[in-house]
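The values are calculated or read from the model by the stated rules, or taken from the named source; none is laboratory data. Quantities reported herein were computed from a predicted structural model and do not represent experimental measurements. Don't worry about glycine lacking a Cβ; one is built from the backbone with ideal geometry, like all the others, and counts go over all protein chains shown.
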Amino acid sequence: MSPRSAVIVGYDAVSPLGTDMATQWDKAVRGQSGIGALTRFALPDDFPVRVAGQVPDIDIGPYPFLSPRSLALWPSPIFKHALLVVHRALVNSRIEISPELSPRVAITFSSAVGGLDAVLAADRRMISENKLPPPYTNPNSCINMVGGKISILTHATGPILSTITACATGVTSMIIGTMLLEQGRADVVICGAVDFALVAPIVAGFATMAGAFSSPSGKDPEPVSRACRPFSVDRRGFVVSEGAGAVILATKAFARAHGLNFNIEIAGWGMTSDAHHFVAPNLKTAARCIAESIDNSGISPQDIDVVNAHATSTKVGDQVEYQALKAVFGNAMPPVSANKSLIGHAMGASSAIESIFAMEGMVNGMVLPTLNYTPDPEMVLDCVSEGARQLDQEYVLKNSFGFGGCNSCIVFHRTDR
């Protein structure tokens, strides 16, 4: 472990399971789904999607930077949720960004979708009221602006960039953050992702393009909690959700010099491009991404204790991910946990939130369950379907595969063993 190795010194998340880590973790361990009826906007009778993963309202009381006045010009929910998780992650890390430290703090926190809701609202206002957009409409829609707002909040003035790789954005932010630390360009990096994509045309667009889940018709529809069922023989598409996750990285040398607590490091990573199809994954490059992340960690596949899967619950996506895992692990595949069965698919934020759940699992010796699993004879794997499982974990592989063929895999290592 090099002095410039990336260690995790703090993290925080909001998800459909709740807005504080203790609540989210408790519900996840108990196998409680965060997926429910879609109420984020009014649904016409013929709207094709009725189910979603929605983040509960957050308590803004303790946080002046989340007051209605401070957010009056920033109506897109990506901003308040990004600022909240970053603030709490920094508090958890015990890092104070002083004027001296500020130039050495980088930001790779990003979003896959950004604040498109602000543009949509402005467009509807132009049509219905013949009024020009509010002056902050375009800044709300700039994807890099979420990092800019984080910089203003934290006073970090180191390198800042948006690591947009669709659904892999959260993991990619940590990989790029690790690179900045290893290259000596920063001592601390604020990583993560936020997405609040429950906007009518986006949700409906997923229904027509990628098979996003819609409630079945009939007198006895299935419970909404069964909507997302990764790797299951009856999987039928992903459930759109929302959320945010922040991860604070620091070099091992910085963490030790400042007395910061850490017990997980970034052991290795891999990134590949499919060069194949705009949404359908490519087996060869997905498998190579997994293999390269393990090789970059200096370990063998047999050292991986758990896989935190991408597992969107689509027919093709889950099959390709299984085949990629099979190509790397053969018949010695470790348990595979699919967190989207609990929280749905929060776009670029998913891989950040799921990485945080994976790290919580490493610290607590617990693997989260995959809900709603009915075995598929074409995919023989251990999905931890019986409920949360106690398991000591030294190495965990996190997979994330995004639209456009953006693959990012990362290996977490428990360092206090």
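Taking the stretch 256-304, which residues are among the hydroxyl-bearing types (Ser, Thr, Tyr), assigned to a helix (DSSP H, G or I) and within 18 Å of Ile8 (Cα to Cα)? Hit for the stretch 256-304 is Ser293, nothing else. Would you pick out the residues in the stretch 132-145 that are part of a loop (DSSP other than H, G, I, E, B) and under 16 Å from Leu73 (Cβ atoms)? Listed by number, the residues that qualify are Leu132, Pro133, Pro134, Pro135, Tyr136, Cys142.
Applying the criterion of being surrounded by fewer than 23 Cβ atoms within 10 Å (Cβ to Cβ), among the β-branched types (Val, Ile, Thr) and not in a loop (DSSP other than H, G, I, E, B) to the residues of the stretch 80-127, the residue that is modelled with the highest pLDDT is Val91.
For the stretch 332-356, filtering for residues that are over 16 Å from Thr172 (Cβ atoms) and either modelled with pLDDT under 95 or buried (at least 24 other Cβ atoms within 10 Å of the Cβ) (or both) leaves 10.
Which one is surrounded by the most Cβ atoms within 10 Å (Cβ to Cβ) among residues in the stretch 128-155 that are small (Gly, Ala, Ser) and more than 24 Å from Leu180 (Cβ to Cβ)? By that ranking, first place goes to Ser141. Filtering Phe41, Phe47 for residues that are over 30 Å from Ala257 (Cα atoms), hydrophobic (A, V, I, L, M, F, W, C) and over 25 Å from the mean Cα position of the chain (by Cα) leaves a single hit, Phe47. Residues of the stretch 88-96 include at least one that is touching a Ser or Thr at 6+ places or on another chain (Cβ under 7 Å) and in the same structural domain as Leu198 (by TED's automatic domain parsing). Scanning the stretch 384-415 for residues that are over 24 Å from Thr169 (Cα atoms) and touching a residue at least 60 places away in the same chain (Cβ under 8 Å) yields a count of 7.
Only one of the numbered conditions (1) in contact with a helix residue (DSSP H, G or I) (Cβ under 8 Å, 6 or more places away or on another chain); (2) polar (S, T, N, Q); (3) within 20 Å of Ile304 (Cα to Cα) is violated by Asn372, and that is (3).
Considering each residue of the stretch 54-85, count those that are touching an Asp or Glu at 6+ places or on another chain (Cβ under 6 Å) and over 21 Å from Pro133 (Cβ atoms), and give that number. Let's see the steps before the verdict.
Initial filter on the stretch 54-85 (touching an Asp or Glu at 6+ places or on another chain (Cβ under 6 Å)): 55, 76, 85.
If we keep only those that are over 21 Å from Pro133 (Cβ atoms) too, we end up with 55, 85.
Going through the stretch 54-85 one residue at a time, the tally reaches 2.
Would you say Asp318 is under 16 Å from Ala168 (Cα atoms), charged (D, E, K, R) and either out of contact with any Gly (no Cβ under 9 Å at 6 or more places or on another chain) or assigned by TED's automatic domain parsing to the domain that holds Pro375 (or both)? So Asp318 passes the test.
Restricting to the stretch 3-32, give me the number of residues that are under 26 Å from Ser385 (Cβ atoms) and surrounded by 24 or more Cβ atoms within 10 Å (Cβ to Cβ). Show your work before the answer.
The initial filter retains those residues of the stretch 3-32 that are under 26 Å from Ser385 (Cβ atoms), namely 13, 15-18, 21-32.
If we keep only those that are surrounded by 24 or more Cβ atoms within 10 Å (Cβ to Cβ) as well, we get 13, 15-17, 24, 28.
Selection size over the stretch 3-32: 6.
Going by the conditions given, is Gln319 of a type in the set (S, T, N, Q) and touching a residue at least 60 places away in the same chain (Cβ under 8 Å)? The answer is yes for Gln319.
Per this entry, Val247 is not counted among residues that are outside the structural domain of Ser313 (by TED's automatic domain parsing), in contact with an Asp or Glu (Cβ under 6 Å, 6 or more places away or on another chain) and at pLDDT 95 or above.
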